[in-house]
Structures are given as C-alpha cells and as structure tokens.
1. How many of the residues in segment 4-16 are modelled with pLDDT under 95 and not polar (S, T, N, Q)?
2. Which of (1) open to solvent by less than 10 Å² (accessible area, probe 1.4 Å); (2) without any contact (Cβ under 8 Å) to a residue 24 or more places away in the chain does K174 not meet, given it meets every other one?
3. Among residues belonging to segment 114-126 that are more than 8 Å from the ligand (Cβ to nearest atom) and farther than 27 Å from K204 by Cα, point out the one that is least open to solvent (accessible area, probe 1.4 Å).
4. Which is without any contact (Cβ under 8 Å) to a residue 60 or more places away in the chain, among the β-branched types (V, I, T) and away from the ligand (no atom under 16 Å from the Cβ), of I2, I33, I37?
5. Scan segment 56-113 for residues that are farther than 17 Å from Y8 by Cβ, away from the ligand (no atom under 16 Å from the Cβ) and open to solvent by 40 Å² or more (accessible area, probe 1.4 Å) and jot them down.
6. Which of the residues that make up segment 130-168 are within 16 Å of the ligand (Cβ to nearest atom), over 22 Å from K183 (Cα atoms) and open to solvent by 20 Å² or more (accessible area, probe 1.4 Å)?
7. Filtering segment 1-39 down to residues that are of a type in the set (K, R) and either in a loop (DSSP other than H, G, I, E, B) or surrounded by fewer than 20 Cβ atoms within 10 Å (Cβ to Cβ) (or both), which residue is farthest from the chain's Cα centre (by Cα)?
8. I need the full set of residues from segment 220-232 which are more than 21 Å from the chain's Cα centre (by Cα) and either within 16 Å of R27 (Cα to Cα) or surrounded by 12 or more Cβ atoms within 10 Å (Cβ to Cβ) (or both), in order please.
Amino acid sequence: MIRACHLYPDLLNLYGDGGNMVAFQKRCQWRNIPLQILYKSLADTKDFNAYDFVFLGGGSDQEQKLAGADLMKSRDQLQKAIENGLVVLAISGGYQLFGCHYETGDGKQAPGLAILDMYTETGGKRLVGNAVIEMKLDGVPTRVVGFENHYGRTFLDGIGPLGKVLFGKGNNGKDGLEGARYKNVFCSYLHGPLLPKNAALTDKLIRLALKKRGLEPYLKPLDDTFEQRAHTALLDRLGLKAN
Ligand code: GLN
C-alpha cells in the first residue's frame, strides 16, 4: 500500500490544487493499487517517516505563513525523510516554503524550511497565466502544461529546476527555469491543476512512491483519451507539439 499525506488541504488549495491529490488517487484506484491518504493540517501530528508521498498546494500569503510556521516544527524529520527518498510534490506557495526564505507581497521576509538551496523574493507584477515547461521524465523530454499565479520570484542556488520554460514566466520571469527538483522532491509553480493535465508526471510520482515502499513500480497502461485531450488543449493553442 502507498501511504500519502496531503498537507494543509484547508490552507494550501489555490486554483483547485486538491485536484492533484485526486488525480494521484484515481490513477492508483484504476490500477487497484491500494492507497491511504492522510489529511494533516495545523497542530496535527505528522510522521514523515511513515509516508511515501507528500503533497502540498499553493496558498495566499496568510495561509502560507501559517502552514510554514507549523511545518517548521517537523523540519528535521521532513528533511531526513527526503534524504531517504520521500516523494514530494509542492506547488507554488508550498514550493516556496522549502527554500531558505521567502518574501510575502508586502515585502516582508519569512524563514523557509531551508531544505532546498533556493530562495524567493517579490517585486514587480504578478507572474500569471498559462505555462508550458519541458522536463525530463526518466530521460525522456516531456512537455508539462499548467497555470501559474505568483508574486514570488524564486532563484535556485545549489539545485536544478524541474524544467525549462517554453511558455509563461516560470520561477522568476528571467532565467527561463521552472520549479525545482531534488531527489524525489518535485516543486513547481504550475497549479493547473498540474497532475490531472499531465498524466505522465502523475504516473512518475506513483512509480516513485511504489519504489519507496519497496513495491514493484510496474503501472498498467490506462485509457488516457480524456487526460490526453486536457494535456494537448493548451499545447495545440500555442502551436506546440506534445513532445
Ligand atoms: N503567496 C505566494 C506568491 O504570491 C504563492 C501564491 C501561490 O501559491 N499561487 O508568490
């Protein structure tokens, strides 16, 4: 059984981010892969050694600060679990929490978990709109579509991006990079929701979670007609190919 934890579903759920967890759940269910999802918010006990997959969505400044302060209490355990292969998907505000610090819209700096070598500043206009990135999934260049809406400008220091921006703004609107990737941690500004529109990425996360649990990571192919349509709609409009 895969054990998943959806962190702060009540606070970090902008633009239907919860749909990412639903997509993960559905694609497990359709393959009869047993999955338990725990929903954990402020003041709930969190045991990062017990989970295979952790999901955090994005949030407005206020909610992000509350979640960040709470998560700080389990910071060391979370970092250790990540070093041991915990699979994480963190979106936008949830992504920013993993850096050394982040700034809120009023320009105030808040401490991050400092698990990933990066930081977030603000300034200028919101970076908002549709986005397409190209990332490598098991060495295969894969186009990922979504929607971004953030003030924060994230700069990577010692870690690599999730992908390169083909359309949209990405981490900071300047360096052409989007998201961050470290071990089994996937961070992105793309809400989307990301996973329902990008089945290949969802399946990658499921395979990693199965491996983390010591289970066979084989995934039965699914009829993805609908998912493929959701995936290619924006690409078609932009005149981009799926891969
Ligand atoms: N509050 C953060 C920002 O505006 C994150 C927003 C979000 O999650 N979309 O940068």
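The values are calculated or read from the model by the stated rules, or taken from the named source; none is laboratory data. Since we're looking at a predicted model, the values are computed, not measured. Every residue, glycine among them, receives a Cβ derived from its backbone with ideal geometry; neighbour counts consider all protein chains shown. Just the protein is used for accessible areas: all its heavy atoms, side chains included, with ligands, DNA and RNA removed. Shrake-Rupley method; radii C 1.70, N 1.55, O 1.52, S 1.80 Å.
1. Matching residues across segment 4-16 total 3.
2. For K174, the failing item is (1).
3. Going through the qualifying residues, I end up with G123.
4. Just a single option satisfies the conditions, and that option is I37.
5. Within segment 56-113, D76, Q79, K80, E83, N84 meet the criteria.
6. Listed by number, the residues that qualify are N130, F147, N149, Y151, R153, G168.
7. The extreme case among them is R31.
8. Across segment 220-232, the qualifying residues are K220, P221, L222, D223, D224, T225, F226.
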